[in-house]
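The values are calculated or read from the model by the stated rules, or taken from the named source; none is laboratory data. Values in this document were obtained by computation on a predicted structure and should not be read as measured data. For neighbour counting, all protein chains shown are included, and Cβ atoms are generated from backbone atoms with ideal geometry for every residue, glycine included.
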Amino acid sequence: MPLETAPAPTPATVTRTEVRERAARNRRLRVLGARAGVLVAFLGLWEICARQKIIDPFNFSQPSRIWDQIWQWTTHGTAQGSLGEQIGYTLYEALTGWVLGVVGGVLLGIALGRIRFLADVFGPYIKVLNAIPRIVLAPIFLIWFGLGPASKVASAVVLVFFPVFFNAFQGAREVDRNLVANARILGAGNRKVTLQVVIPAATSWIFTSLHVSFGFALIGAIVGEYIGATKGLGLMVAAAQGTFNAAGVYAAMTILAVVALLTEGLLTFAEKRLFRWKPADSGDGR
Amino acid sequence: MNLPGAAPAIELTGATKRFRTPSGTLHTAVRDLDLTVAPSEFVAVVGPTGCGKSTTLTLVSGLEEPTEGEVRVYGEHVAGINPNVGFVFQQDAVFPWRTVLSNVTAGPRFRGVPAAEAREKARDWLARVGLAAFEDRYPHQLSGGMRKRVALAQTFVNDPRILLMDEPFSALDVQTRALMSDQLLDLWAGTGSSVVFVTHDLDEAIALADRVVVMTAGPATVKEIFTVDLPRPRTVEAVRLEPRFVELYREIWASLGEEVRITRERGAGHAA
Ligand SMILES: Nc1ncnc2c1ncn2[C@@H]1O[C@H](COP(=O)(O)OP(=O)(O)O)[C@@H](O)[C@H]1O
Ligand SMILES: [Mg+2]
């Protein structure tokens, strides 16, 4: 990058790049505009259908009521306390479960990927555990760990662990054999090969699973809260459902989606920082 | 070549390597191979594709163990990786997540050299391969030739007494390859290390080596050894024009061509 000084611009090249840049900008604006249009059309149609009683607003609610509900929660708080507190609770449970699940998954995945003996011994057990539909464990965790955050964290952990584990395992298995051979020739022992070759090489595999698995952590926390809790977004869904407040259910879902999107954005940002060594996959016309 | 009494740098005696294939049968890659390389000697190895040249290098490096026979480096039985051995691989093997400088410091750091000292040595070698200005780049930001130079610096920084090179320049274009060969001769001249250089390019083999070993069609064993009596220092482009070079080329090709033909005919029967 530092070596690239632009050559003295001739009028022809300036206009041509300018034209191209303008075209690209226009295209981006058109895409954004169309996207917003789709959203407005969808919400408008929903609102109109509900008002004209084409769909039953009691069951399907309507955007204006959902917005009122969100506004009311924001300004007056929910039945369980302020809205921020509910979001904080759910995020806390999801994040704790996610971190525990990721750390466990990565450590075990790398260990089993590197040590053949462990893989042979534990392989079948992990397959069996993975075959259990893990969401049904949530009620069991509620019995074991009670109504507090611990049971939600446990649900999140079991959902997060497996995808991360399998990706870390695969990543450790598929490390370029040349890189390992090179490191060994250069003088690396087993420990250094694991820490300085296998783990960096497996990070792109692991990161792929981190995106998906944060969604899983949120699901684990929400389902846990939905089944039984004293605080959290999942409880708000359950409470709204209990009072036949469809707008409340949708409002909680909307808040959840926003939270999930924001955390996803943060993760993408962290990934970009971490993978500076990778060629950018969106090569801009080189 | 070989001083009486002094141990040869590399000695393979009756080395055989068999691999178990996925279908469970045994595949012999190298068979009953005898080869001796003297200290500070440059040996080039040529042979048909898939005959077992790379396998021979992995035996010398200690990455693989021979099924039968004996491999010695400076008189010592090879068991595991020998710290005196450097290996430049055919495929890119620089670490993509490390910068150029960090790639070159990797070897000394793995061997417990303090960071500052490792960096100093690495900078020295980067300057010698002409990459001083690129130490902060990542490998994907370099050309193929530059990445190979990083690999050379990464290997030379460990001061190997034995240098194994597996078709190191085969992925490069012809001009870059000639430049790299000259650079390699320069770097090697100062070190006094022994080199085993595998290549499929006969020009490159004759231009670089003291001796050229021709391998048979797989399973590989030594077919014939030619001594290259061209004076040093050499430059690849100049030496290529000497009458003796052409003569050697013709002789060696006569020997190698036959093995290549055998391999090709076999390949027609079952996948090579
Ligand atoms: N790890 C391995 N497992 C099974 N077969 C192998 C292995 N490595 C090499 N071979 C086989 O041994 C033969 C020689 O391979 P190689 O030494 O790479 O040849 P060359 O380097 O001369 O092209 C080939 O037929 C190859 O398929
Ligand atoms: Mg090879």
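What's the number of the only condition in (1) outside any strand (DSSP E or B); (2) more than 16 Å from ligand 2 (Cβ to nearest atom); (3) under 16 Å from the mean Cα position of the chain (by Cα); (4) charged (D, E, K, R) that B:E11 fails to meet?
With (1) outside any strand (DSSP E or B); (2) more than 16 Å from ligand 2 (Cβ to nearest atom); (3) under 16 Å from the mean Cα position of the chain (by Cα); (4) charged (D, E, K, R) applied to B:E11, the lone miss is (1).
Starting from residues that are of a type outside the set (A, V, I, L, M) and more than 16 Å from ligand 2 (Cβ to nearest atom), keep the ones in the stretch B:37-52 and report whichever is surrounded by the fewest Cβ atoms within 10 Å (Cβ to Cβ).
B:S40
So in the stretch B:95-113, with the set limited to residues that are within 7 Å of chain A (Cβ to nearest Cβ) and in a helix (DSSP H, G or I), which one is nearest to A:A188 (Cα to Cα)?
B:F110
Given the structure, is A:T194 of a type in the set (S, T, N, Q) and within 14 Å of chain B (Cβ to nearest Cβ)?
Working: of a type in the set (S, T, N, Q): yes; within 14 Å of chain B (Cβ to nearest Cβ): yes.
It is true that A:T194 is of a type in the set (S, T, N, Q) and within 14 Å of chain B (Cβ to nearest Cβ).
Residue-by-condition table, conditions (1) within 22 Å of B:V94 (Cβ to Cβ); (2) in contact with a Pro (Cβ under 9 Å, 6 or more places away or on another chain); (3) in the same structural domain as A:L159 (by TED's automatic domain parsing):
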residue: A:V193; (1), (2), (3): yes, no, yes
residue: A:A202; (1), (2), (3): yes, no, yes
residue: A:S213; (1), (2), (3): no, yes, yes
residue: A:Q241; (1), (2), (3): no, no, yes
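What is the residue count in the stretch A:165-183 for residues that are more than 14 Å from every other protein chain (Cβ to nearest Cβ) and touching a Leu at 6+ places or on another chain (Cβ under 7 Å)?
Step one: of the stretch A:165-183, the residues more than 14 Å from every other protein chain (Cβ to nearest Cβ) are A:165-170, A:172-174.
Cutting the leftovers down to touching a Leu at 6+ places or on another chain (Cβ under 7 Å) gives us A:165, A:169.
Residues flagged as more than 14 Å from every other protein chain (Cβ to nearest Cβ) and touching a Leu at 6+ places or on another chain (Cβ under 7 Å) within the stretch A:165-183 amount to 2.
For the stretch B:70-94: of the residues being facing chain A (nearest Cβ under 8 Å) and of a type in the set (F, W, Y), which is farthest from B:P168 (Cα to Cα)?
Per the criteria, the residue is B:F87.
In this structure, is A:A183 part of a helix (DSSP H, G or I), buried (at least 17 other Cβ atoms within 10 Å of the Cβ) and at pLDDT below 95? If you could, list the steps in order and put the result at the bottom.
On the way: part of a helix (DSSP H, G or I): yes; buried (at least 17 other Cβ atoms within 10 Å of the Cβ): yes; at pLDDT below 95: no.
No; evaluated as a whole, the condition is false for this residue.
If I ask for residues that are of a type in the set (A, V, I, L, M, F, W, C) and surrounded by fewer than 18 Cβ atoms within 10 Å (Cβ to Cβ), which ones from the stretch B:88-116 would you list?
Step one: of the stretch B:88-116, the residues of a type in the set (A, V, I, L, M, F, W, C) are B:88-89, B:93-95, B:97, B:100-101, B:104, B:106, B:110, B:113, B:115-116.
If the condition is that a residue be of a type in the set (A, V, I, L, M, F, W, C) and surrounded by fewer than 18 Cβ atoms within 10 Å (Cβ to Cβ), then B:A115, B:A116 are the ones that fit.
With respect to A:I115, is the statement that it is surrounded by 14 or more Cβ atoms within 10 Å (Cβ to Cβ), touching a Ser or Thr at 6+ places or on another chain (Cβ under 8 Å) and of a type in the set (V, I, T) true?
Spelling it out, it is not the case that A:I115 is surrounded by 14 or more Cβ atoms within 10 Å (Cβ to Cβ), touching a Ser or Thr at 6+ places or on another chain (Cβ under 8 Å) and of a type in the set (V, I, T).
Does B:L163 fit the bill of being under 24 Å from B:R240 (Cβ atoms), away from ligand 1 (no atom under 16 Å from the Cβ) and in a helix (DSSP H, G or I)?
Spelling it out, it is not the case that B:L163 is under 24 Å from B:R240 (Cβ atoms), away from ligand 1 (no atom under 16 Å from the Cβ) and in a helix (DSSP H, G or I).
Output the residues belonging to the stretch B:177-204 that are within 13 Å of B:L152 (Cβ to Cβ) and in contact with a strand residue (DSSP E or B) (Cβ under 9 Å, 6 or more places away or on another chain).
Across the stretch B:177-204, the qualifying residues are B:L184, B:L185, B:W188, B:T191, B:S193, B:V195, B:F197.
Within the stretch B:54-68, is even one residue within 10 Å of ligand 1 (Cβ to nearest atom), of a type outside the set (S, T, Y), within 14 Å of the chain's Cα centre (by Cα) and within 14 Å of B:M215 (Cβ to Cβ)?
The answer is yes, given that some residue of the stretch B:54-68 is within 10 Å of ligand 1 (Cβ to nearest atom), of a type outside the set (S, T, Y), within 14 Å of the chain's Cα centre (by Cα) and within 14 Å of B:M215 (Cβ to Cβ).
Could you figure out which of (1) more than 14 Å from chain A (Cβ to nearest Cβ); (2) assigned to a loop (DSSP other than H, G, I, E, B); (3) over 13 Å from the mean Cα position of the chain (by Cα) isn't true of B:L179?
Here B:L179 clears every test but (2).
Which of the residues that make up the stretch B:53-87 are outside any helix (DSSP H, G or I), within 16 Å of ligand 2 (Cβ to nearest atom) and buried (at least 24 other Cβ atoms within 10 Å of the Cβ)?
B:F87
Can you go through A:T263, A:T268, A:T254, A:T203 and tell me which one is within 14 Å of another protein chain (Cβ to nearest Cβ), assigned to a helix (DSSP H, G or I) and among the hydroxyl-bearing types (S, T, Y)?
Of A:T263, A:T268, A:T254, A:T203, the one residue that is within 14 Å of another protein chain (Cβ to nearest Cβ), assigned to a helix (DSSP H, G or I) and among the hydroxyl-bearing types (S, T, Y) is A:T203.
Among the residues of the stretch A:205-213, are any over 19 Å from A:L95 (Cα atoms) and crowded, with 18+ Cβ neighbours inside 10 Å?
Yes: the stretch A:205-213 contains one or more residues that are over 19 Å from A:L95 (Cα atoms) and crowded, with 18+ Cβ neighbours inside 10 Å.
Could you list all residues from the stretch B:114-142 that are part of a loop (DSSP other than H, G, I, E, B) and touching a helix residue (DSSP H, G or I) at 6+ places or on another chain (Cβ under 8 Å)?
Residues satisfying the conditions are B:V129, B:G130, B:L131, B:E135, B:D136, B:R137, B:Y138, B:L142.
Quick test of your reading of the structure: B:R128 fulfils all but one of (1) within 13 Å of chain A (Cβ to nearest Cβ); (2) over 27 Å from B:G50 (Cβ atoms). Name the failing condition by number.
Here B:R128 clears every test but (1).
Select, from B:R119, B:R147, the only residue that is surrounded by fewer than 24 Cβ atoms within 10 Å (Cβ to Cβ), under 28 Å from B:L208 (Cβ atoms), touching a residue at least 12 places away in the same chain (Cβ under 8 Å) and more than 10 Å from chain A (Cβ to nearest Cβ).
Working: B:R119 fails: under 28 Å from B:L208 (Cβ atoms).
Exactly one residue qualifies, and that residue is B:R147.
Counting only residues that are over 25 Å from A:G265 (Cα atoms) and in contact with a Pro (Cβ under 9 Å, 6 or more places away or on another chain), how many does the stretch A:215-239 have?
The number of residues fulfilling the criteria is 4.
Can you spot a residue in the stretch B:157-165 that is within 16 Å of ligand 2 (Cβ to nearest atom) and in contact (Cβ under 8 Å) with a residue 40 or more places away in the chain?
yes
Looking only at residues in the stretch B:27-53 that are within 11 Å of ligand 1 (Cβ to nearest atom) and of a type in the set (S, T, N, Q), which one is farthest from B:S170 (Cα to Cα)?
Restricting to residues being within 11 Å of ligand 1 (Cβ to nearest atom) and of a type in the set (S, T, N, Q), the top hit is B:T28.
Just wondering, is there one or more residues in the stretch A:139-148 that are crowded, with 19+ Cβ neighbours inside 10 Å and of a type outside the set (D, E)? Step through it out loud before you land on a result.
Narrowing the stretch A:139-148 to residues crowded, with 19+ Cβ neighbours inside 10 Å: A:141-142.
Those left that are additionally of a type outside the set (D, E): A:141-142.
Yes - at least one qualifying residue is present in the stretch A:139-148.
Given the structure, is B:E135 in contact with a Leu (Cβ under 7 Å, 6 or more places away or on another chain) and surrounded by fewer than 22 Cβ atoms within 10 Å (Cβ to Cβ)?
yes
Looking only at helices (runs of 4 or more DSSP H) that lie completely in the stretch A:83-164, which have at least 3 residues being within 30 Å of A:M236 (Cα to Cα) and assigned by TED's automatic domain parsing to the domain that holds A:L266? If you could, list the steps in order and put the result at the bottom.
Details: elements: A:83-114, A:116-131, A:137-145.
Filter on the stretch A:83-164 gives A:83-114, A:137-145.
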